[in-house]
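Step one of this worksheet: look at the structure below.
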Amino acid sequence: MEAEITAALLADVQALLASDLDREACLTAVCQALRTHVPYYNWVGFYLVDPEQERELVLGPFVGAPTEHTRIKFGQGICGQAAEREQTFIIQDVSAESNYLSCSADVQSEIVVPIFRDGEVIGELDIDSHTLAPFSAADRRTLEQIAALVAPLL
């Protein structure tokens, strides 16, 4: 991810967070901004920790093709592993992962960034790409910044 894209993306996200949009609309707009600014971000969405189901994620706002994975237990798939281990996962080739939950045959790589509040995982930002091995250290840094920015909304 180029520095100009990072700067524009962070500015857009900060403007969205400062707007009068409700939570759902704001998170959807953040997803759209990510997808618009970065051509290899083909599916962008939030999974939120379900307060009623211990250690389970529920699909929140997203932009891209519908997914059958609307609920994911901690430890299940890449999203569940990221939540359980409380760390960012970058999978450059999903076909090499035995624990990958396939959303589409087009997905070749995935990055999942946990979102924290008071040291606890409260959700995560999940991005699928139809490109093999597109994610860089700059993607990780930028997405972790965005996760921290949206945390108060969750």
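Derivation of every value follows stated rules applied to the coordinates shown; laboratory data play no part. Just so it is clear, the structure is predicted and the values come from calculations on it, not from any experiment. Ideal geometry is used to build each Cβ from the backbone, glycine not excepted, and the neighbour counts take in all protein chains shown.
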Of W43, V94, L125, whose Cα points farthest to the positive end of the dipole of the chain (charges on the beta-carbon: +1 Lys, Arg; -1 Asp, Glu; origin at the Cα centre)?
V94
How big is the charge dipole of region 75-154 about its Cα centre, in debye rounded to the nearest 20, if each Lys and Arg gets +1 on its Cβ and each Asp and Glu gets -1 on its Cβ?
160
Let me know the volume per residue of the alpha-carbon convex hull for the chain, in Å³.
102
The chain, helix-only ellipticity at 222 nm - DSSP H runs n ≥ 4, -39,500 (n - 2.57), divided by all residues, nearest 500:
-11000 deg cm²/dmol
Counting other beta carbons within 10 Å of each Cβ, put S95, S129 in order, fewest first.
S95, S129
Can you work out ³J(HN,Hα) from phi for every residue in region 20-25, in order, using Karplus 6.51 cos²θ - 1.76 cosθ + 1.60 and θ = phi - 60°, giving whole Hz and x for Gly and Pro?
8, 5, 6, 4, 4, 5
Which residue, L57, L21, L125, has the most motion in a Gaussian network model of the chain that connects Cα atoms within less than 10 Å?
L21
